[in-house]
Amino acid sequence: MNSVLVLDTSTSICAVAIYQNQNLLSTICLHQPNVHSEKAALLIDQVLNISKIPVQQLTHLAIAKGPGSYTGLRIGFALLKSMSYALKIPILGFSTLLGQAQSFVPIAQQMKYPILSCLDAGRNEVYAAFIDNQGNLLHDLGACVLPHPDIKKILTTHSTLIIGNGANKILEHHPSPPYKYLLFPYIENPIANLGYLLEKKIAYQEYQNLITFEPDYIKPVHITISKK
Amino acid sequence: MAFLILAIETSCDDTSVAILCDKVILANVVSSQLDHSQYGGVVPELASRKHLVNLQIVLEQALYQAQISLIDIDAIAFTQGPGLLGSLLVGINYAKGLSIALQKPLIAVNHMEAHILAHWIDYTPELPFLCLTVSGGHTCLTLVQKNPLNHQVIGRTLDDAAGEAFDKIAKLLGLPYPGGPFIDKYAQQGQPIYNFPKPQIPNYDFSFSGFKTYIKNFVNNFSAEQVQQELPNLCCSIQNAIVNILIDKFFKAIQDLKPKSVGIAGGVSANSTLRKKVQELGNTLQIPTYIPKFEYCTDNAAMIGITGYYKLLSQNFGDLGTVPYAR
Ligand SMILES: Nc1ncnc2c1ncn2[C@@H]1O[C@H](COP(=O)(O)OP(=O)(O)OP(=O)(O)O)[C@@H](O)[C@H]1O
């Protein structure tokens, strides 16, 4: 039996969960920005306690690898990398955008709408990914300055589920799309429906190299050299 | 029974992991990020990204050198601050992950206290111990009383740190970053032929910004070519002046407070003139004087480990909710 600890610190939500095989055993999710530094490790400890799973019994770790907040991502990566090393268990990474979209797969299937999953990236930017109604990634759009041609194309050729905290922003910049759409800007718990995704990744052994595994920063470090 | 302590230091741009068996250093691995020098200073986002990759490598290297298995570790010490928040966060959370996985206690260490505690690695200075800490971010006089963890800061810089002064002045002279070691290098070939006014600061405090401005104006009188030509003499004079500012206050504090032993700590304690003059001062006043080994001058996890060791003895533990502080 697989016991997987999942962590998402990539957005203003701080979420931990434990899955046994495909089933969610327990999860804790905080909707509070800037508490990850203090809370992430405590939540891991708590979720292990409520699940009554000794840490040595974990078989896998999984982490939302971005896009998202750099600070949040690094907190999560540092925590899970060292756990992976100390427990000698593999670590899996999944896209934050793909992860949060999993909760909407049942509706997407029912409506036969694909999913445009997005995160607010400040100013007039979002991170976005286009996902089919089974929850599989079709197209990673990366960081999109709005209005954006790829997003425009999606909205003018499909009925879509637009999900994530950048959804309203997308509609502001792409008003009245010709096809039907459903808007879900609010995500209750981004890692509460990952059973299928995790099983698949474990089956394909999509394990990460502990040394080279890094967050999806999307952008290189922006450096301005002072002329003083 | 001996304690095995794992120590992690990621406060700035060096990634370091040390392993101690009680006070004995089994490994002290430091990986420096050389990438920053081309930007004339540490780029925080770049430093954090590198720590996340390097920490894993440095830890594995330290375990290999110490021939220790991670499960045998008794406690995990880490730098809580001061430093760059993004860098500290990587080390702290890495330590927390280890603590959860190994179910071993955490020990939060103050980086500046650790600089001072580095003297306890090879020796046990008699207390009270007066330490002059001089680094890139700090300049202070600290009195260690009663026990090695009992620190009282009696004087500090009111503006720039000594290392910062070295680096900023080096930049004025067209030297690469960080410029402290370059000033030291050129100073060896020069004479202290220039005199600069000393800042008049009360008590045991320091100030370098006025001095820096004075040097800036002074150097403006020189053409670029003349600076090149005069570099050894300029460096030697500047180095002497900075060291004298430090030594004056150190001397005053020793006379007033009568410690049983004294020492220097921090990155600038690698400076040759400072080392020489502090040793001379100690000899003159006949007081045991501790000058750290070069590898313990700059940021390193061994000093975090030795501080962790004393905190472990006094059962002073951190927890999973510990957050970093920048200053
Ligand atoms: N030989 C030397 N002469 C003068 N300055 C030196 C010498 N060697 C190193 N330095 C200076 O020491 C500083 C680096 O020291 P250190 O690594 O302890 O500081 P930091 O990590 O930047 O600051 P802190 O420890 O306060 O956070 C730099 O400013 C550097 O120029």
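The values are calculated or read from the model by the stated rules, or taken from the named source; none is laboratory data. Given the structure is predicted, the values throughout are model-derived calculations rather than measurements. Note that each Cβ is placed from the backbone with ideal geometry, even for glycine, and that neighbours are counted across all protein chains shown. Keep in mind that these areas ignore ligands, DNA and RNA; they rest on the heavy atoms of the full protein, side chains included. Shrake-Rupley method; radii C 1.70, N 1.55, O 1.52, S 1.80 Å.
Points to keep in mind about this one:
- Restricting region A:56-67 to residues that are buried (at least 17 other Cβ atoms within 10 Å of the Cβ) and free of Cβ contacts under 8 Å to residues at least 60 places away in the same chain, the residue that is farthest from residue A:127 (Cα to Cα) is A:58.
- Residue-level analysis places residue B:91 among those that are in contact with a strand residue (DSSP E or B) (Cβ under 8 Å, 6 or more places away or on another chain) and either within 9 Å of chain A (Cβ to nearest Cβ) or surrounded by 24 or more Cβ atoms within 10 Å (Cβ to Cβ) (or both).
- Condition met for residue A:134 (outside any loop (DSSP other than H, G, I, E, B) and open to solvent by 10 Å² or more (accessible area, probe 1.4 Å)): no
- Meets criteria (over 21 Å from the mean Cα position of the chain (by Cα), under 19 Å from residue B:273 (Cα atoms) and open to solvent by 60 Å² or more (accessible area, probe 1.4 Å)) for residue B:181: no
- Residue pairs meeting the criteria (Cβ under 7 Å; at least 6 apart or on separate chains; first not assigned by TED's automatic domain parsing to the domain that holds residue B:232, in region B:177-188; second modelled with pLDDT of 95 or more and more than 8 Å from the ligand (Cβ to nearest atom)): none
- Boolean, residue A:79 is buried (at least 17 other Cβ atoms within 10 Å of the Cβ), facing chain B (nearest Cβ under 8 Å), within 17 Å of the chain's Cα centre (by Cα) and modelled with pLDDT of 95 or more: yes
- Residue B:246 passes every criterion in (1) surrounded by fewer than 19 Cβ atoms within 10 Å (Cβ to Cβ); (2) farther than 30 Å from residue B:6 by Cβ; (3) within 13 Å of the ligand (Cβ to nearest atom) apart from (1).
- Output for region B:234-257, where each listed residue is charged (D, E, K, R) and in contact (Cβ under 8 Å) with a residue 24 or more places away in the chain: B:248, B:249, B:252
- Within region B:119-145, residues that are more than 14 Å from every other protein chain (Cβ to nearest Cβ) reach partners that are of a type in the set (Lys, Arg) and within 15 Å of the ligand (Cβ to nearest atom) with beta carbons closer than 8 Å, at six or more positions or on different chains, in the pairs B:122/B:293; B:138/B:156; B:139/B:156; B:140/B:156; B:141/B:156.
- Yes/no for residue B:106 being open to solvent by less than 10 Å² (accessible area, probe 1.4 Å), within 17 Å of the chain's Cα centre (by Cα) and within 14 Å of chain A (Cβ to nearest Cβ): no
- Residue within region B:260-271 that is over 28 Å from residue B:146 (Cβ atoms), buried (at least 19 other Cβ atoms within 10 Å of the Cβ) and within 17 Å of the chain's Cα centre (by Cα) present: yes
- Whether a residue is more than 16 Å from the ligand (Cβ to nearest atom) and either within 30 Å of residue A:39 (Cα to Cα) or away from chain A (no Cβ under 14 Å) (or both) was assessed, and residue B:211 does not pass this test.
- Residues that are of a type in the set (A, V, I, L, M, F, W, C) and assigned to a helix (DSSP H, G or I), drawn from region A:63-96: A:73, A:75, A:77, A:78, A:79, A:80, A:83, A:86, A:87
- The residues in region B:38-88 that are more than 16 Å from residue B:98 (Cβ to Cβ), away from every other protein chain (no Cβ under 12 Å) and in a helix (DSSP H, G or I) can be counted, and the count is 2.
- Check on residue A:209, within 22 Å of the chain's Cα centre (by Cα), part of a loop (DSSP other than H, G, I, E, B) and at the interface with chain B (Cβ under 10 Å from one of its Cβ atoms): yes
- The set of residues from region A:28-47 being surrounded by fewer than 20 Cβ atoms within 10 Å (Cβ to Cβ) and either more than 8 Å from every other protein chain (Cβ to nearest Cβ) or among the β-branched types (Val, Ile, Thr) (or both) comprises A:28, A:29, A:30, A:31, A:32, A:33, A:34, A:35, A:46.
- Candidates B:57, B:25, B:8, filtered to the one that is within 19 Å of the chain's Cα centre (by Cα) and away from the ligand (no atom under 16 Å from the Cβ): B:25
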